[in-house]
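Following: one structure in structure tokens, then a few remarks.
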Amino acid sequence: MKKLFETTTINGVTLGNRFVRSATWEGMCAKDGRPTAKLISCYRDLAAGNIGLIITGYAFVRPDGKQLPGKMGIHTNDFAADMRTLTEAVHNEGGKICIQLVHAGGQTTTEMAGRRPLAPSAVKVEQFPEEPEAMTKKDIDEIVLAFGDGARRAKEYGFDAIQLHAAHGYLVNQFLSPLTNRRTDGYGGSVENRCRFLLEVYHCVRFEVGSDFPIFAKLNGSDNLEGGLDLSDAVYAARLLDKGEIDAIEVSG
């Protein structure tokens, strides 16, 4: 137990202890994704409670990647002042804060995304509210760049780390899973191909923030769904990220 209260350093960022608040959707942002005083107060209180690292609720990198109301957005420069107020509030309490980046992919609705949801393949599975539209190569390239843009903004706004949400059925997980990825191009089929989108996102983010800035990933150990991502594929993805010098992996389900 003593180790939990000791400091640790991850790629140059020193945490006061080893307690990490895992990402949770708070639903406290404005309709457009802007952080509110209520959310800032929530993170300030967590830092004041001596949490070593706070990982934010998921922040969408494009408006069509939004899933739920009150979700934070990192897709625009318009929120710069509010984001800096948020990170400063945490830092003033001695804490560190990591922002989780996400695109919901097919796990959203036309109403929430503002368009027909995008996904690796146009297949309706149980976790998708409606049948999504299959992504083109142009869609893939643009969303990869959106992750990079979001990461660059986050670093500029004072966040201490980035976490890529590659779990829980969202877009990156949809590419990893053979249940939702039925593509026949270089992004589908073999586990190597299904990992391609994740790696492109990771390398784009790494390019934007540099080698001396912590990047984490949240991965499912298994989708726990028939025909979905299994443990062996998850381990394969984790090893590829490790080879690419990712700083930490959070295993979820």
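None of the figures in this text is laboratory data; all of them are computed from the coordinates on show. All values derive from a computational prediction rather than experimental measurement. Backbone-built Cβ (ideal geometry, glycine too); neighbour counts: all protein chains shown.
Closer than 30 Å to Q107 by Cα and touching a Ser or Thr at 6+ places or on another chain (Cβ under 9 Å): is that true of D78 in this structure?
It is false that D78 is closer than 30 Å to Q107 by Cα and touching a Ser or Thr at 6+ places or on another chain (Cβ under 9 Å).
Is there a residue in region 136-146 that is without any contact (Cβ under 8 Å) to a residue 40 or more places away in the chain, closer than 23 Å to L240 by Cα and in contact with an Asp or Glu (Cβ under 9 Å, 6 or more places away or on another chain)?
yes
Does region 27-41 hold any residues that are buried (at least 18 other Cβ atoms within 10 Å of the Cβ) and either without any contact (Cβ under 8 Å) to a residue 24 or more places away in the chain or outside any helix (DSSP H, G or I) (or both), and which are they?
Start the filter on region 27-41 by keeping residues that are buried (at least 18 other Cβ atoms within 10 Å of the Cβ), which leaves 28-29, 33, 35, 39-40.
Within region 27-41, M28, C29, G33, P35 meet the criteria.
What residue, of A167, A151, A217, is touching a residue at least 40 places away in the same chain (Cβ under 8 Å), surrounded by 15 or more Cβ atoms within 10 Å (Cβ to Cβ), within 16 Å of the chain's Cα centre (by Cα) and over 22 Å from Q127 (Cβ atoms)?
A151
Given F79, F159, which one is in a loop (DSSP other than H, G, I, E, B), under 30 Å from L15 (Cβ atoms) and in contact with a helix residue (DSSP H, G or I) (Cβ under 9 Å, 6 or more places away or on another chain)? Even if it seems obvious, please write down each step before you answer.
Values: F79 fails: in a loop (DSSP other than H, G, I, E, B).
Exactly one of F79, F159 is in a loop (DSSP other than H, G, I, E, B), under 30 Å from L15 (Cβ atoms) and in contact with a helix residue (DSSP H, G or I) (Cβ under 9 Å, 6 or more places away or on another chain), namely F159.
Can you pull out every residue in region 1-10 that is out of contact with any strand residue (DSSP E or B) (no Cβ under 8 Å at 6 or more places or on another chain) and part of a loop (DSSP other than H, G, I, E, B)?
M1, E6
Can you tell me how many residues within region 42-56 are touching a residue at least 24 places away in the same chain (Cβ under 8 Å) and either surrounded by fewer than 12 Cβ atoms within 10 Å (Cβ to Cβ) or not in a loop (DSSP other than H, G, I, E, B) (or both)?
Residues flagged as touching a residue at least 24 places away in the same chain (Cβ under 8 Å) and either surrounded by fewer than 12 Cβ atoms within 10 Å (Cβ to Cβ) or not in a loop (DSSP other than H, G, I, E, B) (or both) within region 42-56 amount to 8.
Could you check region 101-133 and list, in sequence order, the residues that are aliphatic (A, V, I, L, M), touching a strand residue (DSSP E or B) at 6+ places or on another chain (Cβ under 7 Å), without any contact (Cβ under 8 Å) to a residue 60 or more places away in the chain and not in a loop (DSSP other than H, G, I, E, B)?
L118 - this is the single residue of region 101-133 that is aliphatic (A, V, I, L, M), touching a strand residue (DSSP E or B) at 6+ places or on another chain (Cβ under 7 Å), without any contact (Cβ under 8 Å) to a residue 60 or more places away in the chain and not in a loop (DSSP other than H, G, I, E, B).
Kindly indicate the residue of region 2-25 that is surrounded by 11 or more Cβ atoms within 10 Å (Cβ to Cβ), polar (S, T, N, Q) and farther than 15 Å from I215 by Cα and also nearest to the chain's Cα centre (by Cα) among those meeting that condition.
Per the criteria, the residue is T24.
Any idea how many residues of region 184-195 are crowded, with 19+ Cβ neighbours inside 10 Å and either charged (D, E, K, R) or under 17 Å from V102 (Cα atoms) (or both)?
So the first thing to find is which residues in region 184-195 are crowded, with 19+ Cβ neighbours inside 10 Å, and the list is 187, 194-195.
Filter once more, so that each one left must be either charged (D, E, K, R) or under 17 Å from V102 (Cα atoms) (or both): 194-195.
So the count comes out to 2.
Restricting attention to region 220-248, which residues are touching a helix residue (DSSP H, G or I) at 6+ places or on another chain (Cβ under 9 Å), surrounded by fewer than 19 Cβ atoms within 10 Å (Cβ to Cβ) and aliphatic (A, V, I, L, M)?
L240
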